[in-house]
Every structure is written in C-alpha cells, then in structure tokens.
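Worksheet for the structure shown next.
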Amino acid sequence: MRALLTVFCKEFVENLRDRRTLFSALLFGPLFGPILFGAMVSRMLNQSVLESDEPLRVTVSGGEHAPNLVRFLTSQGVNLVFTSWSESDARAAVKRGSAAVVLIVPREFGPRFTAALPAPVFLVADSSDSQTRKSADRLRALVAAYGSGIAQLRSQIRGVSPLLAVPIAVNDIDVTTPTGRAVVVLGFMTYFVLFSVLMGGLYLAIDSTAGERERGSLEALLSLPVARSALVGGKLIATCAYMCLSLAINLAAFVVVFQFVPLERLGMSANVSVLTALEFFAICLPFVPLGAALMMLVASFTRSYREAQTYLTSVLLVPTLPIAFASIYSLKAHSALMLVPSLSQHLLMTSVLKDEPIAPLDLALSAASALGLAILLIAATARHWRRETMLG
Amino acid sequence: MIEASGLSKRFGTIEAVREVSFRAADGEITGVLGPNGAGKSTTLRMIYGVLTPDGGSACIDGIDIRGETSAARGRLGVLPHAPGLYGNLTARENIEYFGALHGLPKERIRARAAELGHALGMDGFIDRRAKGFSQGQRIKVAVARALIHDPSNLVLDEPTNGLDVMAIRNLREILRDLKSQGRCILFSSHVMQEVATLCDRVVILGQGRVLADGPLETVRTRLGATTLEEAFLKVLGEAGAL
C-alpha cells in the first residue's frame, strides 16, 4: 500500500512538470471541446436568428405580367429587384451567385390567370446551398399563400364555400420543450466531455508504461521488492487523478461558455449550471478508471512512446462508437443500454440536459458496468506486468 | 553473496543460458565476461529476478530471488543494462524514489541520498533535473539509486558502456570502494581490460555456458596464457564459440 502511494505521488509530480502532459491533459483536452462548441453553437444560432429577421431578397423577371403578385410580395416585406432576364440568364446568375433566388413570370401568366387556369411561375435557386434553399422555401410559401388567397376568392365568387377545398385541417402540436430543442444542438457535447476524460490521462498512461520502458527505467523498477500490482495501481490512480482534473476543468469551461451562448434567443434554454456540471461529474466518475485501465493496458503492450500514441489515438475514438449508434438509431435511455459504458454516460448526461428524471437503477447499472469492466482491465494489466515480456 | 546454480533459460528455440552455476563472494568483485550474445544479460536478469529461470535458481545471501517481493531483492542493488532515469525528476528525487519503494523511512532515505551524492561526487548536479545529464552523470545517479537501501550485493550489467575514460576511472574507484566495504559485486562486461583491472574473480560465458570460472590468476595460468585476453580467446576457441 505504501509502495502504491509512492508510485502515485511520483507519477503525479513528475507529470505535473511535463509540459506535454500539462498541455494535453489540463489545457487542450478539457478546453478544446467547450471553446469549439461554444463558437460553433453561437455561430449557428446567430445565423438562424439573423435569417428569419432579414428581409427576403428576390430578383423578379417579367414582374409586369403579374402586378398583383408583385404588390403582394412587396406588402409582405420582400425586397424585389426587377430585371428582364430570360430563363437561361437567371440560371447563369444563380450559378454565378450574383442572384440568390430568381422568380420568373412568363408572358402567358396573365392570360392563363384570367382564364382561371394554373398560371406558371419559375423559381430559380440552388438547393445545394442551405442559405438560398431557405430563401427559396420562404418565397415558395409566400407565393402559395397568395395563390390560396386567390383560390378562396374564386370559389366565393362562384358561390362555393372555400372550406370545401380544405378537407383536412392539420394542426401541429410540437411537444419539444425549449430544453428539448436545445438537446438536438447540444447532442455531441457529451462526446467532448468523455473525450476530455480520456485526454486527461492519455499522456500519463503512455509515459508510465511505454515511456518507462523506452527510457530504460522499467527494468530497475521491476527488480525492486515491490508487488507489480502496486506499481500498476499507483500508475493507474495517478492517471485517474489527471483524468478527474481534466474532467473538472472541462465541465467548468462548459458552464462558463454556456453563459455566453445565446440559446435563449431561439427560445431554448440550456440546462448547464454548476449543478449540471456536478451531476455530469458524478455520471462520468465510474468511466474514469475504465478509461485509465483501457489506455494503460493498450500502452503496456507497446514498445515505444510513438507506438503507444498511435494505438491510443484510436482508443480515444472508442467512446464515439456507441454515441454515434445512439444518434443514428435515436436511442432513448433504457436500462439495458446502461450496461454499455460511454453510451450509458452519454444517455444519462443527455437526460440531465433534458431535465428528465433519472432512475437510480439506471445510474447504478451505468456505474456498475463501467467499474466492472475497469476491474477486469486492471487485472489484465497487472497480469501483463507480471510477465517477462513486459521487459520488452 | 550471490549464487547461481544450474540457471537455464530458453527463448523459443534458442537456449540462451544453459546450466550456469557460479558464486560471487562478499568483499570481491566478480566479472562475468563473454562475447555479445553469450547470455550475460540473461544470466544477470535471472539473478536480479526480472526473468524467471526455466531451470535452476539464483540466491542472494542464501535467499531465493523469485517472487515479486522476495526478501532477496532487498539485499540486492541493481544497475540494469539500460539504467534510465526519470527526466522530470532531479537526481536526488530519482534516488529517493527507489528508497521509498524499498520501504525505507523518510529520514533514512534523505540522509542516505545526501551521503551517496557526496560519496559519488554528485554535489554539482544532484538537485538538477535528470533530463540533460551526460552518460557519466546518469550512471552515477543509477549507481546511487541501486545503493540507496545499502544492499550487501550489487549487480551491474555492462556499467561502463558509453562512458568516457574519466568516467570509467571514476566508476572503478567507486566499485573498489564498495568492495572494500565488504560488499559482493557482480558485473558483466565484454571489455577484457575492464575485467582484468577490476576483478578478483572471473566467470567466462560462451554460448550460454560457463567456460571458465575462478580467481583471475588461476584462470589465466590454468589455461597457460600470459594475459586474460589470451586466456579468453583460448577458452572460447576450445568451446568452438568463436
């Protein structure tokens, strides 16, 4: 036990002096997520808020053939620019990007309209561009609204109730709460949290195993009258300590970042308070020894720092797999899923974000499965350290 | 006292060490001499307990080395082939870390590290981080680290590798000093001169076997050679190990 503590203290202090460890464990790992995330989300939000506020700009060709439509659009606050482009001119302009959306009113619009036949208009836009696609959608909705107004008038004139043309009234009832809507946006925040947990211990896991072998200090260490399990234990706990530090910094950064992200402007409220951060910490805590043991086990089999780094980079991706599955199949928190580490943490954290109640059983299952797997991996690591091949 | 009896080790199909037996006495320096690949490191590794022999045993002061926490390990100081240090720790911290792992009390570790630092001439760099140390400085720290628990036995695997002339002389002084304190010193080398100038006793290994063993002079005269080098070549030649 004393040896374990000695190993822990030495690894902790030694890595505190290592610039590479400090940078990755306490700076890049934990802060990368919140900063990138905050910047991305606020840009996304600003954009969509701006778009719905901004007046729609439309280039109209042949507007003189539909003066009433033009008047209607103007009254709806659409900025109209008049040209006399042919269809091919309009296509070229949209392709060039000099016009976003072009509405072409052909000559036959007037006669067909008067004859109460469907009067054609052409809407030229590039649907691969998400910006102009939105503008085109808005214009299409406006033209349709104008059309249905005309339809109502026509049926009234003919003594037919306009309601006959509306056999079904669809009413949307959206049950998403403001927080729920935000969850869609915040979905992958949980990955950044798990990523920071692993990043926190990455370099220590490498340095205390493959690094120890590469710099030649391992053999002297193994010749000491110390149980290998104490060596593994001390190194593992030091790794866990850095992972917890990284997680704490990460969560604190998220709390700060969310003070500045304008989620409320979209009618969303993100539930990221200090209390949320503490809940996240508790949920992720059992994942810490699991991640540490996994990284140590993998690094123990490698011969050099570089080799360990290569393999552990893929280990960093392991927690993404269940999360990716969860979003593809839109899995909901379910007791059976709590047995899958990283997925269970993701689901529980999502529940916290959504303000949903968490079953104590789910929490217990999530912790037990992560810790159970951690114990297996720790035992495997200790076993490997007892082997001669450990010398390399 | 270090005793190897019938040590054998194979790696796959290669028999690295076959039935190696010898004894290194207290107050003597015993040199294990042999060409590259003769099984020197493997033999020493079995003696200091990081490799488990397939046959035979190694005892330190009569105690078997096997087992992670064998009492024999506490009586043994080890300088492995690659005596790496922790670059982010100072020389003193490197030495004290091993003291703590030996389970020594704090004050004892502190006093002993200071004593060794002085005795090995490390006063100039003992509180500097080990990152930029020269090979000579590294070896000194590694020797101090191996001696922190004041062991009566010391095993060194090619300690003079990569050292310059001054550093080698320095190390020789240190080893003679330790010998005069009555410790048992076992070291391996493939440099003839090293063994000739330093050792009381020599064990010549070739192809994993003991080809000659005894006091330096005895081995030389028994083989009818004028120098150790001649004796060495002769015995290897006879064994077909050249």
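Laboratory data are not the source of any read-out in this text; all were calculated from the coordinates shown. Because the structure is predicted, anything quoted here is derived from the model rather than measured. Cβ coordinates were reconstructed from backbone atoms using ideal geometry, including for glycine residues, and neighbour counts include every protein chain displayed.
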- With a ≥ b ≥ c from the Cα gyration tensor eigenvalues, square-rooted, and the rule rounded for a/c under 1.5, otherwise prolate when a/b > b/c and oblate otherwise, the protein assembly as shown is prolate
- Helices from chain A with mean Kyte-Doolittle at least 0.5 and a Cα length along the axis of 27 Å or more, per DSSP H: which? A:29-53, A:228-260, A:360-386
- Scan the stretch A:70-127 for trypsin sites (Lys or Arg not before Pro) in coil per DSSP, keeping those whose Cβ has at most 15 other Cβ atoms within 10 Å, and list them by number. A:R107
- So what is the calculated 222 nm ellipticity per residue for chain B, using -39500 (n - 2.57) for each DSSP H run with n of 4 or more, over all residues, to the nearest 500 deg cm²/dmol? -11000 deg cm²/dmol
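Inverting the mean 1/r over all pairs of different Cα atoms, compute the Kirkwood radius of the stretch A:56-173 and quote it in Å.
Numbers: mean 1/r = 0.0645 Å⁻¹.
For the stretch A:56-173, inverting the mean 1/r across all distinct Cα pairs yields 15.5 Å.
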- Message: If you restrict to DSSP beta bridges whose two residues both lie in the stretch B:74-230, what percentage is antiparallel, to the nearest 5?
- Response: 45
- Which of the lysines could a cross-linker bridge to A:K95, judged by Cα under 24 Å and excluding same-chain residues fewer than eight apart? A:K134
- Message: Let me confirm one metric for peptide A:33-42, namely the mean number of other chain beta-carbon atoms within 10 Å of its residues' beta-carbons.
- Response: 0
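Just the number, please: percent antiparallel of the DSSP beta bridges in the protein assembly as shown, rounded to the nearest 5.
On the way: 24 of 50 bridges.
The answer is about 50 percent antiparallel.
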- Item | Distance between modelled label sites at B:V191 and A:V274, nm, 7 Å Cα→Cβ extension | 6.4
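Treating only the Cβ of Lys, Arg, Asp and Glu as charged (+1, +1, -1, -1), what charge dipole size does the protein assembly as shown show about its Cα centre? Round to the nearest 20 debye. Write down the numbers at each step before the final one.
Working: 62 positive and 54 negative charges, 126 e Å.
That gives a dipole near 600 debye.
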